[in-house]
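Since the structure comes first, as structure tokens, the remarks are kept for the end.
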Protein chains: 4
Amino acid sequence: MTVDTIKPDDLVLICFKDRKYLKRIDVNSTFNGKGGSIVFSELVDKPFGKKYGSYEIYKPTLEDIIMFGIKRDTQIIYPKDAAYICLKLNLKSGSQMLEVGTGSGAMTLMFSYIVGPEGRVVTIEKEERHFRNAKKNIERFSKFSNVEMINSDIFDYNGSGFESVFIDVREPWHYIGHIQELIRPGASIGMILPTTNQVSEILKAFEACNGFGDIEVCEILLRRYKTVSERLRPFDRMVAHTGYLIFGRKLSI
Amino acid sequence: MTVDTIKPDDLVLICFKDRKYLKRIDVNSTFNGKGGSIVFSELVDKPFGKKYGSYEIYKPTLEDIIMFGIKRDTQIIYPKDAAYICLKLNLKSGSQMLEVGTGSGAMTLMFSYIVGPEGRVVTIEKEERHFRNAKKNIERFSKFSNVEMINSDIFDYNGSGFESVFIDVREPWHYIGHIQELIRPGASIGMILPTTNQVSEILKAFEACNGFGDIEVCEILLRRYKTVSERLRPFDRMVAHTGYLIFGRKLSI
Amino acid sequence: MTVDTIKPDDLVLICFKDRKYLKRIDVNSTFNGKGGSIVFSELVDKPFGKKYGSYEIYKPTLEDIIMFGIKRDTQIIYPKDAAYICLKLNLKSGSQMLEVGTGSGAMTLMFSYIVGPEGRVVTIEKEERHFRNAKKNIERFSKFSNVEMINSDIFDYNGSGFESVFIDVREPWHYIGHIQELIRPGASIGMILPTTNQVSEILKAFEACNGFGDIEVCEILLRRYKTVSERLRPFDRMVAHTGYLIFGRKLSI
Amino acid sequence: MTVDTIKPDDLVLICFKDRKYLKRIDVNSTFNGKGGSIVFSELVDKPFGKKYGSYEIYKPTLEDIIMFGIKRDTQIIYPKDAAYICLKLNLKSGSQMLEVGTGSGAMTLMFSYIVGPEGRVVTIEKEERHFRNAKKNIERFSKFSNVEMINSDIFDYNGSGFESVFIDVREPWHYIGHIQELIRPGASIGMILPTTNQVSEILKAFEACNGFGDIEVCEILLRRYKTVSERLRPFDRMVAHTGYLIFGRKLSI
């Protein structure tokens, strides 16, 4: 059986009770957390899934990277939303997709992991500050060289043929007309917006342009439970709102 | 710009208001639904996204296939849950994964689409009736030849090295010990169970075997909104429960 | 021990599985439902809580009356919302309150039951059709003579001194200024509105008039479970939306 | 118009942004909070609803008392649950009800406010410590002398004729048989329990004793919104779980 073992410079997820840390194995260094110290050199050649004192050491998943690895200067899109967005955009191995608003690059990474080496993600970010931060994140965590990063206004971009598009900007109604040109007839479109006013606004834009069908507006709620078999119950508090998700498909004329 | 056009024998999604139908284009045939008739031959060479009378014609997404294409003789796993399961199992292009309980093959297809041509999905189903139904579904809708279907008891299966496993059987606590042998240290495990009693039972099994960490129990709720800009409000009714999702990661000894 | 026994002309709630019927005992009549026939005369002098074949016979609660007794020609306010509204309006034995928009009179009855013989409910309905229907409902089900029903426009009403007000009209923002005059400084105000656009509108009115503080906007969700001890789980479907509740308190100048 | 004005020794609710404080007006004292100081003597003879600097001063509602006034040494029952419990127990002006487990006395107060001077609340608490704390709370905040407090084991209590009972103890299944004797046929019974295991246990007790019908298990979720008209959206976080509510009605034999 193949066993994944921890190597120098590997990323690891360190878990202690409800806390999680994403770290790179530096064999000359020691990690100090709430559960005591970890001498990194002692982890080398040990299998992932290892218990070390009261810690557990795992190979980071994409979710771990998004939650604990990405450096963020924009609003996070939570995994519960991100996963549903990928489904609604019909992402699979080989998909060709466009992202408008790279933000921190977390969604970009997720798209990249799913569409794989035969797929393609073009992502456009106007703000240079976000672009540079996203670039670092993507360089640090990417697995496939299938991402094309562009630092420009979406109106200056004229690619075409995308099978789906994800738009994460504050006022997407300004861009709908242009984005419509970039994607194939029947292509899936997705957005996330925090307020009901914005949702009303984008619906108004859809109603006006008449270029999109199968519109869906929804919220995804994640409710976690305490994992004690004899006292099963939801956690006392939860994330109640991240954003409204809006989806549609491009009509052909 | 590449335009996807409808060809004979293509699968199409036909939308009329809230109704959706998944059909194959038979050029000698006519579709009759609530919104009137569609002469299929008239759709040929038209782009996807086409309006036809009061219908809209789309290229089916994976979600459409799961919801409207799959022939089902077991309980459906809804897209909201399926998407989050894929995320928690860390599925991406190239993943090697195991599914215990093929059911109708809907999740198998989803796994197959994501892991792509360089990935691999082994799926095991004990009941011959389910196995045969799933086989037909997978043959009909698969895109990549990355699925190995096995009609046997999980106890008779001895593969190894899987990076993740999804278990969809009624009493998973019986199989945890064996499944632990088949997956890598650190591998992700996922399950769906409809009752709180079953969740307590599987948590008890985890507590007893001490072989899994980072246990998470949760529910995903999807709340849809009516898409009228001037009267934005949730739909009156919603799916309130599909199942509890249980996740963990294998510890190494 | 006092035992409530069923008398001729009593209201009874008849339960059969998930079905409930509110009926008046007519000793010359027979009830026919999904669970078979009930000869009403056989129930006389029997205690409430009686099993009769596969039926259970109860004395109706206020909730039963609201759900199964009230004749309705306006939108129902569900018990989950009604109960929270009463709390937020600080209703108790002896309260003096105003209702704008009597509707079917269901909330009026609930207010009446709580404020009791020493309290007072003034309710105003513009539409004569609703007024007449509500009058019948209230005459049929009231317990205390503490309700004053008025069939007029709220602008024609000039009472004062109310400790709280409940407003159930489509565009409450038109009336806020006038209603402010009718209630005491510090009085509680409550509303229910189905769309987010209406909520934005009323918040705008509050922001403009500057006469109300401690504004709260919320939703109440009720999730029911199947009551089988060994297979505890939520019902598959639930009511996902009834209305947004809006509360505030009148500021003094 | 009658205007409520603030008098020495009155209870007041002081609001500043999201913070609320319940205080008694001591004319020789000053309140110091996040929004600055309040010289209490300056509030005397002013109407409730007054703005004082950046504060708002209200007459406390029952909800304010429960949330900010009650001294608590047991788990709080939130207003959202408390309101629905009162409805399901069919409480109204004049009701005769029993409470098993007084706790901090918060629910007792709520019951007392609703049943009013012609109603009656008998409440039983075994733990002397809780009993004494509840006694102080009830003496401080009660409006009607309709509460009988008993410091004993429920098995030592033999009253009868109650129209409804609320049970707030950890293992209610032990007491169901006895409590059944104390309430009328058809009487409503209510409970709150935090874990699914407890819910299964009480359902098992109901199934075994066969003395209760119309069983309902549910949760009440309250989701609050930020009250900005142009950016309407739910708060980021919410209380996700307080307890499961269980209701039923006593069958007669």
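Every number here is computed from the coordinates shown, using simple stated rules; none is lab data. Everything numeric in this text was worked out from a predicted model, so none of it was measured. Heads up, the Cβs are rebuilt from the backbone with ideal geometry, glycines too, and the neighbour counts pull from every protein chain shown.
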(message) What does the copy distance list look like for residue C:75, label position 7 Å along Cα→Cβ, in nm and ordered from shortest?
(response) 2.6, 3.4, 3.5
(request) Among C:104, C:123, C:187, pick out the residue whose Cα is farthest towards the positive end of the charge dipole of the stretch C:87-198, where Lys and Arg carry +1 and Asp and Glu carry -1 on C-beta, about the Cα centre. (result) C:104
(message) Would the stretch B:67-250 count as rounded, prolate or oblate if I go by the C-alpha gyration tensor, calling it rounded below 1.5 in a/c and otherwise prolate when a/b exceeds b/c, oblate otherwise?
(response) oblate
(message) Based only on other Cβ atoms within 10 Å, what is the fewest-to-most ordering of D:227, A:196?
(response) D:227, A:196
(request) For n ≥ 4 DSSP H runs only, could you compute -39500 (n - 2.57) per run for chain D, divide by its residues and tell me the 222 nm figure to the nearest 500? (result) -6500 deg cm²/dmol
(request) Quick one: among A:221, A:87, A:232, which has the greatest mean-square fluctuation in a GNM of chain A with alpha-carbon springs under 10 angstrom? (result) A:232
(message) Once the label point is set 7 Å along the Cα-to-beta-carbon vector, what list of distances in nm do you get between residue D:143 and its counterparts in the other copies?
(response) 1.7, 6.2, 6.3
(request) Using only alpha carbon pairs under 8 Å that are at least six residues apart, calculate the relative contact order of the stretch A:52-197 and give it in whole percent. (result) 23
(message) Can you tell me which of D:110, D:97, D:238 moves the most in a GNM of chain D? Springs connect C-alpha atoms under 10 Å apart.
(response) D:238
(message) For the stretch A:113-156 and the stretch B:161-212, what is the centre-to-centre distance using only Cα atoms, to the nearest Å?
(response) 36
(request) Let me know the charge dipole size of the protein assembly as shown about its Cα centre in debye, to the nearest 20, where only the beta-carbon of Lys, Arg (+1) and Asp, Glu (-1) is charged. (result) 0
(request) Treating only the Cβ atoms of Lys and Arg (+1) and Asp and Glu (-1) as charged, compute the dipole magnitude of the stretch D:11-60 about its Cα centre; round to the nearest 20 debye. (result) 200
(request) Calculate the translational D of the protein assembly as shown in whole µm² s⁻¹ from Stokes-Einstein, where the hydrodynamic radius comes from the Kirkwood formula applied to all Cα pairs, the temperature is 20 °C and the viscosity 1.002 mPa s. (result) 68
(message) Once the label point is set 7 Å along the Cα-to-beta-carbon vector, what list of distances in nm do you get between residue C:28 and its counterparts in the other copies?
(response) 7.0, 7.7, 10.4
(message) Suppose a student asked you for the relative contact order of chain D, using Cα pairs under 8 Å spaced at least 6 residues apart; what percent would you report?
(response) 14
(message) Around residue B:90, under 14 Å between beta carbons, what's the net of Lys plus Arg minus Asp minus Glu among the other residues?
(response) +1
(message) Over 5 Å intervals from 0, what percent of Cα-Cα pairs in the stretch B:11-60 sits in each interval?
(response) 5, 23, 40, 27, 5, 0
(message) I'd like the FRET efficiency for residue B:42 and residue A:171, computed as 1/(1 + (r/R0)^6) with the beta carbon distance as r and R0 of 35 Å, rounded to 0.05.
(response) 0.35
(request) Determine the percent antiparallel among the DSSP beta bridges restricted to the protein assembly as shown, to the nearest 5. (result) 65
(request) Considering only A:53, A:94, A:177, give the residue with the highest GNM mean-square fluctuation for chain A, with springs between Cα atoms whenever their separation is below 10 Å. (result) A:53
(message) Only bridges whose two residues both fall in the stretch C:67-250 count here: according to DSSP, what percent of them are antiparallel, nearest 5?
(response) 40
(request) Name the nearest-to-axis residue of chain A, judged by Cβ distance to the rotation axis taking chain A onto chain C, and quote that distance in whole Å. (result) A:196, 2
(request) Let me have the relative contact order for the stretch D:23-91, percent, based on Cα pairs under 8 Å that are six or more residues apart. (result) 16
(message) Using the Cα centre of chain B as the reference point, and only Cβ charges (+1 on K/R, -1 on D/E), how large is the resulting charge dipole? Debye, rounded to the nearest 20.
(response) 1060
(message) Please state the shape class of the stretch C:89-140: rounded when a/c is under 1.5, otherwise prolate if a/b exceeds b/c and oblate if not, all from the C-alpha gyration tensor.
(response) prolate
(request) Using label points projected 7 Å from each Cα along Cα→Cβ, tell me how many nm separate residue A:253 and residue C:155, to one decimal. (result) 4.9
